[in-house]
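The values are calculated or read from the model by the stated rules, or taken from the named source; none is laboratory data. Computed from a predicted structure; not experimentally measured. Note that each Cβ is placed from the backbone with ideal geometry, even for glycine, and that neighbours are counted across all protein chains shown. Note: areas computed on protein heavy atoms with side chains; ligands, DNA, RNA excluded. Shrake-Rupley method; radii C 1.70, N 1.55, O 1.52, S 1.80 Å.
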Amino acid sequence: MSDVYRLLGGPGSPYSHKVRAVLRYRHLPHRWIVPLGAFRGSGSLGEGTEIAGAGKRQVPVIQFPDGTYHSDSTPIIDELEKRHPGERSVIPADPGMAFLALVIEEAADEWLPLPMFDYRWNEAADRVFCPRRQMAGWLGSVPEAELGEAAKAFLARQEHLRELLGGTAENRPLLQSTYEELMDAMEAHMATQLFLFGSRPSIADFGLYGQLSQYAVDPTTSSLMKAKAVRLFQWVQLMDDASGIDGEWNAAGDPLSIGARGLLRLAGEVALPMLQAAVDAHLAGKDFHPMVAEIRGHGFKTIARPYQAHTLLWLKQAYAALDKATRARIEPALTESGCLPWLSIRDGEAEKTPPYGMA
């Protein structure tokens, strides 16, 4: 058992499902564990459990075979690449395509939770189903009164977070339009190929899957996907366990796929402007303060979260580390999508970029 990873995750956590899917695809021995009782609808996640004992307050938490515990899904995936090089890698072999995949993955991680959060905690059917579903997952077999009380507490907690994260009537048209746009792009893409960078899944596919694992379950977003993007709905089921899929990367000179182009545009026009606003707030010492990001002519009001600032700073760092020829080769795609202006390191940002790695 010394080579087995242990993944502690949550039933409604897109990042938990993302890491689990990577472990499955890469044939890395692991155990999937939802620590029952680790969350009861309010308070801190993991109190009195292995999660808290590991010094973590979020999921997923992975325990490596050496016994150490780590969190933060993207650095975990990168660390697995270092530990198991060449074994069904999720990083495209070409460094330019690998960077574009990373842009899409980060955009999925940081933007897609926002529409999902708004649908999940605003729509009537979701407000009934989602808190009960997640609390049933966290609590296991408990009496109805206990489940109902936990679900009620969880709903109140998430309603407050929804407002903080930008789930408001003012922002809702933008949030919902990006989900519609994503479905359109991916449904068109899947008429030509299943994955974004070849006939095998990349880190971009897994980042997208993690978020859509929840969209495909929650009542409103699931109904929309089933009605408008049946291929995408079935793709989510496929990505849950892609352990039987083999394939190849597209060649570096091949045109970008329909899906990659569409998701890069969402990154450049929506996600990266929000992340830059978080960076600006971070540099101004205004973490967790209200901020406004200008997105497609809309002043998107949310709070400035330092982790979002870190993700863009790391992305800029990764872009700067590419060699000149690679940057020149992918520049047209970054320009066309609107990503390029957000990837240059601005004054004061290098000094504020924290070391990249697992938490």
Q.
Rounded, prolate or oblate, given the Cα gyration tensor of the range 36-176, with a/c below 1.5 counting as rounded?
A. oblate
Q. Roughly how many debye, to the nearest 20, is the charge dipole of the range 264-321 about its Cα centre, given +1 on each Lys and Arg Cβ, -1 on each Asp and Glu Cβ, and no other charges?
A. 80 debye
Q: Could you do me a favour and compute the accessible area per residue for the range 142-280, 1.4 Å probe, result in Å²?
A: 38 Å²
Q. What percent do you get for the relative contact order of the range 308-359 when only Cα pairs under 8 Å and 6+ apart count?
A. 54 percent
Q | Cross-link pairs Lys56/Lys324; Lys226/Lys316; Lys18/Lys324; Lys286/Lys316; Lys286/Lys324 - those with Cα-Cα distance over 29 Å | A | Lys56/Lys324; Lys226/Lys316; Lys18/Lys324; Lys286/Lys324
Q: Name the most mobile residue of Gly37, Gly259, Gly247, meaning the one with the largest mean-square fluctuation, in a Gaussian network model of the chain with Cα contacts below 10 Å.
A: Gly247
(Q) Taking only complete DSSP H runs, can you tell me which helices of the chain stretch 27 Å or more along their own long axis by Cα positions and average at least -1.0 on the Kyte-Doolittle scale? (A) 144-165
**Q.** Rel. contact order, % - alpha carbon contacts under 8 angstrom, at least six apart, the range 1-129
**A.** 22 percent
Q: Would you work out which of Ala267, Gly299, Gly12 lies farthest towards the positive end of the dipole of the chain? Charges go on Cβ: Lys and Arg +1, Asp and Glu -1.
A: Gly12
Q. Can you pull out the GluC sites (Glu not before Pro) in the range 277-359 that DSSP calls coil and that have at most 15 other Cβ atoms within 10 Å?
A. none
Q) Looking only at Ala325, Ala151, Ala293, which one moves most when the chain is put into a Gaussian network model with springs between Cα atoms under 10 Å? A) Ala325
Q. How much of the accessible area of the chain, in percent, comes from carbon and sulfur atoms when a 1.4 Å probe is used?
A. 56 percent
Q) What FRET efficiency would be calculated for the residue pair Ala251, Thr168, taking the C-beta separation as r and a Förster radius of 45 Å, to the nearest 0.05? A) 0.50
Q) Given charges of +1 on the Cβ of Lys and Arg and -1 on the Cβ of Asp and Glu, with all other atoms neutral, how large is the dipole of the chain about its Cα centre, in debye to the nearest 20? A) 400 debye
Q.
If the reach is capped at under 18 angstrom between alpha carbons, list the aspartates and glutamates near Lys228, excluding any in the same chain fewer than eight residues apart.
A. Glu180, Glu181, Asp184, Glu187, Asp218
Q | Calculated log₁₀ intensity ratio I(q)/I(0) where the Debye formula runs over C-alpha points of the range 114-216, q = 0.10, 0.14, 0.21, 0.22 Å⁻¹ | A | -0.39, -0.69, -1.07, -1.12
Q: Take the alpha carbon gyration tensor of the range 221-332, find the square roots of its eigenvalues, order them as a ≥ b ≥ c, and report rounded if a/c is under 1.5; if not, report prolate when a/b exceeds b/c, else oblate.
A: oblate
(Q) Let me check against my output: what whole-number percent is the relative contact order of the chain, with C-alpha pairs under 8 Å and at least 6 apart? (A) 20 percent
(Q) Please report the projected area of the range 6-64's Cα convex hull averaged over all directions, in nm². (A) 3.8 nm²
Q: Find the eigenvalues of the gyration tensor of the Cα atoms of the chain, then list the square roots of 5 times those eigenvalues as equivalent ellipsoid semi-axes, largest first, in whole angstrom.
A: 29, 24, 22
Q) Of Asp254, Asp66, Asp109, which has the most accessible area and how do the rest follow, probe 1.4 Å? A) Asp66, Asp254, Asp109
Q | Three-way shape call for the range 45-128 based on the alpha-carbon gyration tensor, with the a/c threshold at 1.5 | A | oblate
Q. Under a point spin-label approximation (7 Å from Cα along Cα-to-Cβ), what is the Glu180-Gln317 distance to one decimal in nm?
A. 3.9 nm
Q: With a 1.4 Å probe and all protein chains in place, put Trp235, Trp314 in order of accessible area, largest first.
A: Trp314, Trp235
Q: Take each of the peptides 113-124, 136-147, average the number of other beta-carbon atoms within 10 Å over its residues, and list them starting from the highest.
A: 113-124, 136-147
Q.
With a 10 Å cut-off between alpha carbons and a GNM built on the chain, which of Gly338, Gly167, Gly244 moves the most?
A. Gly244
